[in-house]
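Inspection log for the structure reproduced underneath, given as structure tokens.
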Amino acid sequence: MSSVLIAGGAGFIGSYLCDYYLNQGYETYCVDNLSTSTGENIEHLEANKNFHFMNHDIVLAVPEELSKVKFRYVLNLASPASPPRYQQLAIETLQVGSLGTFNLLELARKSKARFFQASTSEVYGDPDIHPQPESYWGKVNCYGPRSMYDESKRYGEALIYAYRRKYDLDTVVSRFFNTYGPRMDAEDGRVVTNLIVQALNNQPLTIYGKGNQTRSFCYIDDLVLGIVKLIDSDLEGPVNLGNPHEFSILELAKKILAKTGSSSKIVYLPLPGDDPTQRQPDITLAKEKLNWQPTIELDEGLEKTVLYFKNTLED
Ligand code: UDP
């Protein structure tokens, strides 16, 4: 039986990968220190005998139990990922992207595993090329309020390519753009969850700045399919994975008001520093090489997400 290690497996995206690999018959090791999750996303897997959860921080030395396993895949999704969370955990974010990635790469090297890295559109910073292709090197402030995340992920990519060159390790880097859907943390401060929860509670919807900044939102099921196709390919990346349909934050807020039937007002709050003005993935590479593109548009994805939060808020 093949084994997979999913670091950050209790998080929003990681938990779906645990589901996927268990369904494929893999011995699945989920490693997470629960710094930005609660374990709720993997509760349904606890009884599965092929599922092994370890409450462990990958920044620390790899536990013996893990070093004994021969992994086919090592997946790195471990990091705080929402701006308020990575700002609160700034040093930890830098450590997990550097030391944590290093420890996982060493583990992959021992197993001769294929290593998958969840990188991010944040490597492009506040881009002056639009949409962003993988070949764009980005415009990142290396000491600003987002620097702990952006530079941690950029360093992670550099480290992975160094391992690939030096040790011929089989690696692949993917850059995720804003992803949303059921199992997101309602309290981590991201725009989709903030606005849905506010609308459902009939509280004012908080828009930072004028709301004319843009993002391109990818529904979780589309992203997971893209990740799996990328892992199964022989590509090394980096490969953008995201939905290329771009919306302003104000458009998003109006859609959420319509989907929830809420009578909430919109309030405008100051725009946080270094908040990217526009973001849209160029997914030509994923389309051509993986035959992948998102199929769930924002209206449909929001309906599913609103339904999920309606149910969880009622519990
Ligand atoms: N945002 C907002 N209201 C909120 C939370 C976020 O207007 O309650 C804005 C934020 O300033 C950014 C965009 O929505 O321009 C996306 O924010 P998010 O934190 O979801 O992700 P980011 O893409 O910035 O990492």
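Descriptive notes on the structure:
- Bridgeable lysines around Lys112 (alpha carbons under 29 Å apart, same-chain partners fewer than 8 residues away excluded): Lys49, Lys68, Lys70, Lys153, Lys166, Lys229, Lys287, Lys289.
- Across the chain, Cα pairs under 8 Å and at least six residues apart give a relative contact order of 17 percent.
- Applied to the stretch 282-295, the Karplus parametrisation 6.51 cos²θ - 1.76 cosθ + 1.60 on θ = phi - 60° returns per-residue 3J(HN,Hα) values of 8, 10, 3, 4, 5, 5, 6, 8, 10, 6, 10, 7, x, 10 Hz, with x for Gly and Pro.
- Here, the stretch 209-315 yields an orientationally averaged convex hull projection of 8.6 nm² when only Cα atoms define the hull.
- Summed residue charge, Cβ within 9 Å of Ser216's Cβ, Lys/Arg positive, Asp/Glu negative: +1
- Distance between the stretch 13-34 and the stretch 204-241 - C-alpha centres, whole angstrom: 20
- Ranking Leu105, His56, Ser35 by Cα position along the charge dipole of the chain, where only Lys, Arg, Asp and Glu carry charges on their C-beta atoms, puts Leu105 farthest toward the positive end.
- Counting only residues at least eight positions apart within a chain, or on another chain, the lysines with an alpha carbon under 25 Å from that of Lys255 are Lys210, Lys265, Lys304, Lys310.
- Distance distribution P(r), the stretch 94-235, all Cα-Cα pairs, bin width 10 angstrom from 0: 10, 32, 36, 17, 5, 0 percent.
- Couplings 3J(HN,Hα) for the stretch 8-15, derived from phi with the Karplus relation 6.51 cos²θ - 1.76 cosθ + 1.60 (θ = phi - 60°), are x, x, 8, x, 4, 6, x, 5 Hz, where x marks Gly and Pro.
- Under 5 Å from the amide H of Thr171 lie the amide H atoms of Phe115, each residue being 5 or more positions distant or on a separate chain, with H modelled from the backbone and absent for Pro and chain starts.
- Helix 101-111 axis, angle to the chain major axis (alpha carbon atoms, nearest 10°): 40
- The Cα atoms of the chain cover 56, 44, 38 Å along the three principal axes, with the biggest extent listed first.
- Amide hydrogen proximity for Thr179: with H placed 1.01 Å from N in the peptide plane, the residues at 5 or more positions away or on another chain lying under 5 Å are Cys218.
- Bridge type composition, the chain - antiparallel percent by DSSP, nearest 5: 10
- The chain - accessible surface per residue (Å², probe 1.4 Å): 44
- Multiplying the residue separation of Leu269 and Gln203 by 0.36 nm and subtracting their alpha-carbon distance yields 22.3 nm.
- Comparing Tyr136, Leu200, Gly125 along the charge dipole axis of the stretch 111-203, the residue lying farthest to the positive side is Tyr136, per the Cβ-charge model.
- Apportionment of accessible area to carbon and sulfur, the chain, percent (1.4 Å): 51
- With at most 16 neighbouring Cβ atoms within 10 Å, loop GluC sites (Glu not before Pro) (DSSP) excluded, longest segment of the chain: 47-186
- With at most 12 other Cβ atoms within 10 Å, longest stretch of the chain clear of loop chymotrypsin sites (Phe, Trp or Tyr not before Pro) (DSSP): 144-315
- Around the amide H of Asn141, modelled in the peptide plane, lie the amide H atoms of Asp126, all under 5 Å away and 5 or more residues distant in sequence or on another chain.
- Nearest-0.05 FRET efficiency for Tyr167 and Glu297, computed from C-beta distance (R0 30 Å): 0.10
The values are calculated or read from the model by the stated rules, or taken from the named source; none is laboratory data. Every value quoted in this text rests on a predicted model; they were computed, and no experiment measured them. Positions of Cβ are backbone-derived with ideal geometry, glycine not excepted, and every protein chain shown enters the neighbour counts. When the accessible area is computed, the model is the full protein with side chains, heavy atoms only, and any ligands, DNA or RNA have been set aside. Shrake-Rupley method; radii C 1.70, N 1.55, O 1.52, S 1.80 Å.
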